[in-house]
Every structure is written in C-alpha cells, then in structure tokens.
Amino acid sequence: MTRQKLAVDGTSPNHDSKLPAWFLPGAGLFLALSLGLLSQVALARDIRVVYSSITASQSVAWVARETGIYRKHGLDVQLVFVSSGSRAISALIAGETPFLFSAGSPAVSASLGGAKIKIIMGLLNVFPYYVVGAKEFSRIEQLRGKKIAISRFGSSGHAAAVYVLRKFNLEPGRDVALIQVGGGAERLAAMQAGSVHATLLTSPQQLLAKKRGFNIIADVSQLDIPFLHSSVIAREDAIKNSPDLLESFSKAVVEGIHFIKTKPKETLKIFQKFFATDDMEALQDAYDEYIRQIPRVPYADPKAIQTVLQIVGESQPAALKARPEQFLDDSFLQKLERSGFVGGLYGR
C-alpha cells in the first residue's frame, strides 16, 4: 500500500482541490458572489487529516476512513501520513490540516513556542511500552550499569525510559546509558548483536522479541505513569470558526472507537492493511493491547499532560510553570456526552 507523505513544500502531492463539477462559469451571479461561502464549505467538509504513526494508538484515524464513518458524518477525509511528530505539527501549524493524530509532546512544545493549537482528545493516556531485555534480565533493577536502546532522544520512548528507570531509583546517564539506535527493528538487531542490553517496544514488536528469546521485563502501562502518548490536536481557528466541523469530526472519532471496540474481526482486517502484515497473532496482540487502554470517550487526562510538561520542561523551562488546562479543549467531547451520542452508540 502506498502511504502519502507531505511534499517538501508542505503540500500533499495528490491533493485534489477542484471545485464541485456543477460550479461552471456563467452559472449565475448569485453563485459567483457566493464563491467565498462555497470555499468555506469545501474547506469544512473536504479535509486532510494527518497521522504521524502506524500504530494501534492512532488506528481510529484509518478505521473511520476505511469504514465510511467520516462520510457518515459529512466529511470527505484524505489521510496523509507524516512519519515525524515535529514535521506533522509543522503541517498543522502551516494550515495543511485542521486535525492531527500525534503524540502530546510535540503539541505542548509547539504551543509553548506560540503555536495556536489545542489538544482536543487523548487516545492513549499511558506509555504503551514493554521493557524487553536479554535473557539474563528479569527485573528493571538488574539494568544498572547497562545500555538501553531508544529510538531517538526526545521521543516518547525516551521519555518512557527515563520515567521507568527513575521509578526504580535508577538515573539515566548515571546508572544506565541510553543509546539512540533507531526504530524497533534496529533496536532488536542491536540487542541480538549484544551492543545493548534492553530496549522499549510497543505491541506487537514485543511479541516478536519474545519469539526471539528475549525477556519481557516490565509492562510500562501497568506502572501507573500517566503520559499523553497519543492525542488529537486541532488548530485554534478551526475550533473557533468551524464548530460544525469539530462536532462532525469528534463524532466520527468517537464512533470509530466504538467500531474498534465492538467489531474486532473487521478491525483486524484494517490493521492488516495498514500494518502491512499477515501475522494475525501480532495483529491480535496489538488489538488486545489497545482495547484495554482506550476509553469510550477519548478525554486527554490532565495528569498525562502534566507528565509531558515535566519532560518538555527539561528543554523548555516555561513548561514547568504551565498548567495542563492551557493546552486542552475538550468542550466538543463534553458536548457529545451530554447529547447522548455516546450512550446511543453503546446502547445506553
């Protein structure tokens, strides 16, 4: 499957921005004078939505598209994949999309820098990682003096490693070395080569590691560390000027979550397409992990944002004085709950 990325100039190479077929020259003075209104309608309904990770925690973005849920709520969505949170945030700030599926950290960092954006949903409020180590390790404490592979400094995996180690009284850099290695495949290869002793992996990567003889040392999601690992971020002008768009999009995401929770077989087929694998055991594992973590109504937990602020504060001191509420607008989710929309989906 070909996944779209934004071109170098920040635009999507295949975006179709043509006017509706019935809009022809000479169609009438009224239509001509209404061109501005027509453009607004097109912007509100024919939209790009950017997602930044091919993981279960952002899967509702694809599920809502593949099942026609976006269309059901009046949205013609073009999905655009941008494989970097910072690049994805740049696309949002530049106006290439009104909505972004991404980790919370880039949103907080950009907002502290003056970007007019808000976190409107929290799709995953915990670290979804497993600490995986060589056969001789079964406890976090045994990693003292060892090397842990991470993808890159500043990533969610880096943050998870720091918080896990400190929870077990180990200080990164002093007691344990964090080594920047790359993606999950590269980190697994580094462990097999013996150049590092452990790493952090998400599902279903940890299943592959286990099959290769490595130990699952800890399930980080069970360590009671709140963190906004996956969220939906919106431009403030979209929130202010297009409330109908926000309502439709929010309904689509909430209904997409309902589909994931209630139609596992259909969801796994979509996972199979986007993960580009036929390993059904791995796909089932990814599904099971996400199902136990995602809420029916995807509120971003202020405690999860607070953890993000503490991490971002190491490089942006202003974060240490900020409050989670500064970055959050969940008013549309609250409205959906009050309306009975969510209860209607789940039969109560």
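Based on DSSP H runs of at least 4 residues, each adding -39500 (n - 2.57), what is the mean residue ellipticity at 222 nm of the chain after dividing by all its residues, to the nearest 500 deg cm²/dmol? Write down the numbers at each step before the final one.
Numbers: 16 runs with 151 residues, N = 348.
Taken over the chain, the calculation gives -12500 deg cm²/dmol.
This ranking places Lys72, Lys147 by how few other beta-carbon atoms lie within 10 Å of each, fewest first, which gives Lys72, Lys147.
With the Cα gyration tensor of segment 189-348 giving a ≥ b ≥ c as the square roots of its eigenvalues, does the rule (a/c under 1.5 for rounded; else a/b larger than b/c for prolate; else oblate) give rounded, prolate or oblate?
Working: a/c = 2.41, a/b = 1.28, b/c = 1.88.
In terms of gyration-tensor shape, oblate.
Counting neighbouring Cβ atoms within 10 Å and putting the fewest first, the residues Tyr287, Tyr51, Tyr346, Tyr299 line up as Tyr346, Tyr299, Tyr287, Tyr51.
Normalised by the number of residues in segment 129-224, the mean separation of alpha-carbon contacts (under 8 Å, six or more apart) gives a relative contact order of 50 percent. Counting only Cβ charges, +1 for Lys and Arg and -1 for Asp and Glu, the dipole size of the chain around its Cα centre is about 300 debye. The order of Ile120, Ile216, going from fewest to most other C-beta atoms within 10 Å of their C-beta, is Ile216, Ile120.
Given axes a ≥ b ≥ c from the Cα gyration tensor, I'd like to know whether segment 129-224 is rounded (a/c under 1.5), prolate (a/b larger than b/c) or oblate. Rounded, since a/c falls under 1.5. When segment 129-224 is described by a simple charge dipole with +1 on each Lys and Arg Cβ and -1 on each Asp and Glu Cβ, the residue from Gly194, Ala149, Gln205 located farthest towards its positive end is Gly194. Its Cα centre serving as origin, segment 129-224 has a Cβ charge dipole (Lys and Arg +1, Asp and Glu -1) of approximately 180 debye. Size estimate for segment 40-128 follows the Kirkwood approach: the inverse of mean 1/r over distinct Cα pairs works out to 13.6 Å.
If I take every Cα pair under 8 Å that is 6 or more residues apart in the chain, average their sequence separation and divide by the length, what percent do I get for the relative contact order?
Relative contact order, the chain: 24 percent.
Every number here is computed from the coordinates shown, using simple stated rules; none is lab data. Because the structure is predicted, anything quoted here is derived from the model rather than measured. Using ideal geometry, Cβ is built from the backbone for each residue, glycine included, and neighbour counts are taken over all protein chains shown.
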